[in-house]
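A short write-up of the structure that comes next.
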Amino acid sequence: MAAVGKRMFVVALVALRVWGFQSIPGTNESGRTTTERQLALCVAQPLALGHLLQSSVYATTFDKSTVKHPNIVLIMADDLGYSDLSCYGSQTIRTPVLDQLAGDGIRLTSFYAGCTICTPSRMALLTGAYPPRMGWRGGVVGYGVKTRNGLSPDALTIGEMFRDAGYRTALIGKWHLGDTPELSPMNQGFLTAFYIDKSNNQTKKLWRGGKLVADPFDNRRLTEQFTKAAIRFIEADRDRPFFLYLPLSAPHFPAQAHPDWQGKSRNNAYGDVVEELDSRVGEILRSLAQHKLADSTIVVFLSDNGVEPGQKKWARSDPYRGLKWSALEGGNRVPCIVRWPGVIPAGRVSGEITAAIDLLPTLAHACGIDLEKISSASPKIDGVNVWKTLVAEPDSPHARTELLYWHGWGVLQAIRVGDWKLYLDQVKEIAGSGEGPVLINLATDVGEQTNLSDKHPQRVREMKQLALQRLREIEANAIPLGGPVTDDKPEKKRALWLK
Ligand SMILES: [Ca+2]
């Protein structure tokens, strides 16, 4: 459908809502898409549409939904690269469902994961804070972080935030924030939990709450099992709002195709796994539509970090360089799509800087949760509320202007301010970084190839000073990891040019 026509129908929907047609029974239980429903609505109301066209309200901004406490479905892929979806440029993997989700919502092109590897990325997503604030100093649980350590129960998680606001909460997928009961999802705000506690190459155990339900699990069928559990959770109690955190274990290595998808893609088992993931997201969206929940549910899709080095033959982050663990764009910048029909304008693309840490304050705002009123010993939040950008509120400055990049071993390696990125450390892929800080202009140099530090010495000084100021504040206010404290004097790893 032409963009203008689509927009017209959406405007009509908003107008009908304003005029009191808030609920049109019989138009949305068939699983039709939002656009089709809006089309049906407009056909059913020719007088309203005629009035609308006469009054020429094309410039109407999107009205906030009448839904005060929308549901949340927060889907996260594992190690999915920036350009592994068709709508982000993949030529070898077909993702029609996620492409449509982007078409019905907003696609973010400067969105950054919480970190470049699994554990700190999830810490950041769940707390809205940079991972070193949570005592993380490098590595993942089971590799660099002991399995009895993880995210501190003292931190306020997004699960606790929604639970305390009266939401049903679930973690279905991969946890990776500590193995002990104290550090389990059940103790971090998730009333329902069906999960693997580490990556699919680190464990073979599948848990439901505290009960072991499979050992070994079938890696080929995890996405299917998580999807079915997610749909059961959505359908269990539709009278209460819910927060579903669905961090799928795919396409993290070993990528093994589900039998129904084996050989279907043009990109090996990795592509098969991503195409299955896309289709499973479709099953969840269909469930929402069938139960008339699509318009009252915010769906977010993101990845937890960039391309895994062992999968670089198949996974892609074009046009960016760099892999998981690294501070290059390819390690950090990931797909992110957000859909809320009728509230977030359809088909938008935004290149403003946004980050996984922004989701907690942004979703809190969207769901009417006042973060200021939540009393907790949790560390400060680094995330900012970017809601006005998502809904395209006119004349509102974008809330995020800067970003810190953490290497997988805990070092603050770079800072971004606007389009400028300054490397503060020696990084093997960045020429000249052993001689001094390297300044990149991301607006003109997506491959991060040209060092502009000699041309902008003042900017280099200011950005370095800002990075140091941010780092010192974070170090001064960090809490220890959850679990036993093993280091008396935690090592402070500093980038070469911040020493
Ligand atoms: Ca990951």
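Please indicate, with yes or no, whether at least one residue in the stretch 363-373 is surrounded by fewer than 21 Cβ atoms within 10 Å (Cβ to Cβ) and touching a His at 6+ places or on another chain (Cβ under 7 Å). Within the stretch 363-373 (the criterion being surrounded by fewer than 21 Cβ atoms within 10 Å (Cβ to Cβ) and touching a His at 6+ places or on another chain (Cβ under 7 Å)), the answer is yes, since at least one residue qualifies.
Taking the conditions (1) closer than 30 Å to ARG494 by Cα; (2) more than 16 Å from the ligand (Cβ to nearest atom); (3) in contact (Cβ under 8 Å) with a residue 40 or more places away in the chain in turn, THR157 satisfies each one other than (3). Of the residues making up the stretch 75-85, one or more are in contact with a Lys or Arg (Cβ under 7 Å, 6 or more places away or on another chain), modelled with pLDDT of 95 or more, in the same structural domain as LYS174 (by TED's automatic domain parsing) and among the aromatic types (Phe, Trp, Tyr). Can you name the residue in the stretch 442-499 that is loosely packed, with under 12 Cβ neighbours inside 10 Å and among the hydroxyl-bearing types (Ser, Thr, Tyr) and is also modelled with the lowest pLDDT among such residues? If we take residues in the stretch 442-499 being loosely packed, with under 12 Cβ neighbours inside 10 Å and among the hydroxyl-bearing types (Ser, Thr, Tyr), then THR486 is modelled with the lowest pLDDT. Please verify whether the stretch 268-284 includes one or more residues that are more than 15 Å from GLY81 (Cβ to Cβ), among the basic types (Lys, Arg) and in contact (Cβ under 8 Å) with a residue 60 or more places away in the chain. No, every residue in the stretch 268-284 fails to be more than 15 Å from GLY81 (Cβ to Cβ), among the basic types (Lys, Arg) and in contact (Cβ under 8 Å) with a residue 60 or more places away in the chain. Considering the stretch 93-136, and only residues there that are more than 19 Å from ARG348 (Cβ to Cβ) and charged (D, E, K, R), the residue that is nearest to the ligand (Cβ to nearest atom) turns out to be ARG122.
Scanning the stretch 268-321 for residues that are of a type in the set (Lys, Arg), within 16 Å of the ligand (Cβ to nearest atom) and closer than 16 Å to LEU244 by Cβ yields nothing.
Being more than 16 Å from the ligand (Cβ to nearest atom), more than 30 Å from VAL391 (Cβ to Cβ) and either of a type in the set (Lys, Arg) or buried (at least 20 other Cβ atoms within 10 Å of the Cβ) (or both) is a property that holds for LYS264.
Flag: LYS380 matches the condition of being surrounded by fewer than 15 Cβ atoms within 10 Å (Cβ to Cβ), assigned by TED's automatic domain parsing to the domain that holds ARG122 and at negative phi.
Report yes if GLY322 is closer than 15 Å to TYR82 by Cβ and not in a loop (DSSP other than H, G, I, E, B), otherwise no. For GLY322, the condition - closer than 15 Å to TYR82 by Cβ and not in a loop (DSSP other than H, G, I, E, B) - is not met. Taking the listed residues ARG280, ARG266, the one that is charged (D, E, K, R) and within 20 Å of the chain's Cα centre (by Cα) is ARG280, with no other qualifying.
The values are calculated or read from the model by the stated rules, or taken from the named source; none is laboratory data. What you are looking at is a predicted structure, and each value in this text was computed from that prediction instead of being measured. All Cβ positions, even for glycine, are placed from backbone atoms using ideal geometry, and neighbour counts span all protein chains on display.
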